Structure formats: structure tokens, C-alpha cells
1. Which ones in region 27-62 are of a type in the set (Val, Ile, Thr), under 26 Å from Ser114 (Cα atoms) and more than 16 Å from ligand 1 (Cβ to nearest atom)?
2. When you check Gly166 against the structure, is it more than 22 Å from Ala382 (Cα to Cα), crowded, with 22+ Cβ neighbours inside 10 Å and within 16 Å of ligand 1 (Cβ to nearest atom), yes or no?
3. Please report, ordered by residue number, the strands (runs of 3 or more DSSP E) entirely within region 281-384 with at least 3 residues that are surrounded by fewer than 18 Cβ atoms within 10 Å (Cβ to Cβ) and on the phi < 0 side of the Ramachandran plot.
4. Kindly evaluate Ala28 against the criterion of being under 24 Å from Ser326 (Cβ atoms), away from ligand 2 (no atom under 16 Å from the Cβ) and crowded, with 22+ Cβ neighbours inside 10 Å.
5. Hey, can you tell me all the residues within region 315-328 that are over 15 Å from the mean Cα position of the chain (by Cα) and either hydroxyl-bearing (Ser, Thr, Tyr) or more than 22 Å from Gly256 (Cα to Cα) (or both)?
6. Please state which one of Asn87, Asn75, Asn106 is among the polar types (S, T, N, Q) and either within 16 Å of ligand 1 (Cβ to nearest atom) or touching a Lys or Arg at 6+ places or on another chain (Cβ under 8 Å) (or both).
7. Only one residue in Gly119, Gly99 is on the phi > 0 side of the Ramachandran plot, within 16 Å of ligand 1 (Cβ to nearest atom) and touching an Asp or Glu at 6+ places or on another chain (Cβ under 8 Å). Which one?
8. Is it the case that some residue within region 306-326 is more than 21 Å from Ala193 (Cβ to Cβ) and touching a residue at least 40 places away in the same chain (Cβ under 8 Å)?
Amino acid sequence: MLAMTYRGPYRVRLTDKPIPEIEHPRDAIVRVTRACICGSDLHLYHGLVPDTRIGSTFGHEFVGIVEEVGAEVQNLRPGDRVIVPFNIACGECYFCQKGLFGNCHNVNPEATASGGIYGYSHTTGGYDGGQAEYVRVPFADVGPVKIPDDIDDDNAVLCTDAYPTGYQAAEMGNIKRGDTVFVFGAGPVGLFAAKCAWFFGAARVVIVDRQDYRLEFARKFAQCETVNFDEHPDMVLLMKKMTDGLGPDVAIDAVGCEAFGNHLQRITGVKIPLQAGAATVTQWCVNGVRKGGNVSVVGVYGPTVNMIPLGNIVNKGLTLRANQASVKRNLPRLIEHIQAGRINPKDIITHRIPLEEVAEGYRIFAQRLDNCIKTVLIPPSASH
Ligand code: NAD
Ligand code: ZN
């Protein structure tokens, strides 16, 4: 089969790989019909995620058609169209029982902090991902959800990660009716966080980025105000000035470890790196949000330490919540919002690229060329 493979930082290539096989009775094999490139894939592409092995296939955002199921998979049949959440989860451990599918304890022998994710290095379990024609789906009786007939593949593929993560970012912000919400990052995750903030009762939503084309898109897609942080020397001061001098009620970090905007953070977090990513945005959120406010972090950081102002979290009495999205938990609500016409996730897709041109797809998305927001890869069998 055709599959994207990693050759080293900034180098991905299309190669031939054997079609994956059932290895365990709870596995399924899925023929991919759509796979996205995610902002998280850029951390891999830039060589920032430990233990990203040459030859591995990325891709944790994919939908497809079940090709084959193992003997113990009762709920799926060949031919079913499925959303496959980006988290791999056993469904039975302490964490899965609590709905924390992103924190499953049984799927990643490499670590106790991080769960299992498709195509996301051996730090998250070493599973091959879905930027390929076929993918092996472990615990296929837990993660995959059949796609309702009225949801097309483009909307479905955004339900595997970007939309659920944006939704959970808003949910973890514990937004109350009338709140002002600042969202950092106008990539797919931030756009969905801003859009979903309204569902939770926000009265005002402001999105921050440095890419004007993304800010322009955000004004239309999420009906929010926008700020280009490159135009303001002090983001924290601006947050105070734009509210009532006290700061917004909720601040969301949808940027993560590769943030721009602070030289010290950038050098120590990305260039050298002495910390596990530039924590610029978490720092802005903590310092800018009002006392007693909420900070929600879905931007990805590495496994060790970062420079964040703990003293301000304590003295301002902030609530800080963070997680990998537990996609499966919110899927029924997310699908309902689409069916009710409140959101059309596929509106953010700007690029549809044949899987064969995956390297070009990465280049365009990574360099923010051609007003790129979200890239969908289409395998040859699904291209008509
Ligand atoms: P993306 O790369 O498309 O977007 C990131 C955006 O952040 C870019 O538009 C960039 O210009 C902007 N940015 C850079 N520095 C900034 C700053 N200081 N302030 C405001 N904006 C800034 O990525 P994406 O797909 O939207 O993902 C965003 C983050 O969410 C990534 O870190 C990704 O790894 C993470 N993520 C987390 C989860 C989860 O479950 N927690 C799931 C998916 C993605
Ligand atoms: Zn993703």
C-alpha cells in the first residue's frame, strides 16, 4: 500500500509498505478515505518529538471503511464507515472507565504520562498512523464510531481530533454565561475552540494569532474579534486593556510548544531546547486572565518541564485545566451540533491533496503557504 513515511526532520516521503494485518482479535483493518495533517504533526515533522523513528507513518486524523475485523470485534462489520478517534484506548482501565480515553493506561508501554495515539512516535506507543491507504486499529470495539448517513467524510474526519479538541478546550475553560474568552492560535484547534466557546455561553470571544489570513478567516467562521500579536509589544497588557482592566474570564492555549512571540521562550523551548517547548502562550494566559479565572491548555508540550509562572497561578487563584482531548466522550454532542446546523467543520478545509503528494501537503501546511488552514489527504481509492 501507499503510505507516508518519516525520513528525518523536514523530510517525509511516500513509500510502499505492506498492508497491515490483524494482530489481535480486537483489531480491525480500516481502508482510509480521508486523512488530515494536524498542527501536532508539525511537531513531529520539525523533529521536536522524542523517539520519532525513521520509517514510521504519521496520521492520527482519519476516517475510512472497515475492511476486516478480528474475531472479538462485535460492534463493527466490514463495509462500515467509521470515525476513528485519535486516541487509542482499551475501554477497560481505571481512566477509560472515567471517560478519560486520552489517558488510557494500557496502550502505551513506553510511558505512564502519555496515552496511545496513531502515528505519533514511540513516545505515544509507536503505532502507525492513517496517512496511508490502510491502517491497523487496535481495540476496534472501543474507539471507532459508525458515521451517520447524513455526515459526509469531510465533516467526519474533522471529528477525529481538531473539532473535538477545540470543543474540549472550551469545555475545560468552564465558560459561564456572559464570559469573555481569549483563544490563542487561529489554527484548526483554536478556530473550533472559538466557535464552540459560544455554545457554552460566552458573550465575547477574541482570537489571537500572527497570520492575518487565519484571523480574517476566524472573523467569518467563528464570528469573533481578532488580534495580531505581532502588532502589540505586550500581549498581557493588551488583554487587560481590551477587557475592563482585569483580564478575560477564560484564556485558551491552542498553540503549544512551537509558539512565537517571546525570544527567551523560543530559544530555550525550540532552538536549544532546555525546556519542553516554548511556553509563551501558557504564560500569556496565566498572566493575562483575571484573578479567579480559568486557563485551558490543549496546545501540545513535551513530557518534561516548562517555564510557566506557577506563583501567579497560585496567587491569582486560577484554575488550570489541560489534556489530550478524549474524543470518544464528546462525539455524540459534536455530531448533534453538526446535524443541528450549528457548525459545519469542513468549512475550515482549504486543501485537498492526493496522498501521493503528501510531502507537498506538509510543506504547504508547515510554511503557511497559499492561505492554508487544514489539509486533507485523499488516497487514490477514495479520489472519485
Ligand atoms: P496549527 O499549527 O495549524 O496552528 C497553530 C497556530 O498558532 C498558528 O496559526 C500560529 O501562527 C499560531 N501561533 C504561534 N504562536 C502564537 C502565539 N504566541 N499566540 C497566538 N498564536 C500563535 O495547529 P493546530 O492544528 O490548530 O493545533 C494547535 C495546537 O494544538 C498544536 O500544539 C497541536 O499539537 C495541539 N493539539 C492538541 C490536541 C490535544 O488533544 N490536546 C489535539 C490536536 C492538536
Ligand atoms: Zn491532531
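The values are calculated or read from the model by the stated rules, or taken from the named source; none is laboratory data. As the structure is a computational prediction, the values presented were derived from the model and not from experiment. With ideal geometry, Cβ positions are generated from the backbone for all residues, glycine too; neighbour counts draw on all protein chains shown.
1. Scanning region 27-62 gives Ile29, Val30, Val32, Ile54, Thr57.
2. yes
3. 319-322, 349-354
4. Judged against the criteria, Ala28 is a match.
5. Asn315, Lys316, Gly317, Thr319
6. Of the residues listed, the single one that is among the polar types (S, T, N, Q) and either within 16 Å of ligand 1 (Cβ to nearest atom) or touching a Lys or Arg at 6+ places or on another chain (Cβ under 8 Å) (or both) is Asn87.
7. On inspection, the qualifying residue turns out to be Gly119.
8. Yes, region 306-326 contains a residue that is more than 21 Å from Ala193 (Cβ to Cβ) and touching a residue at least 40 places away in the same chain (Cβ under 8 Å).
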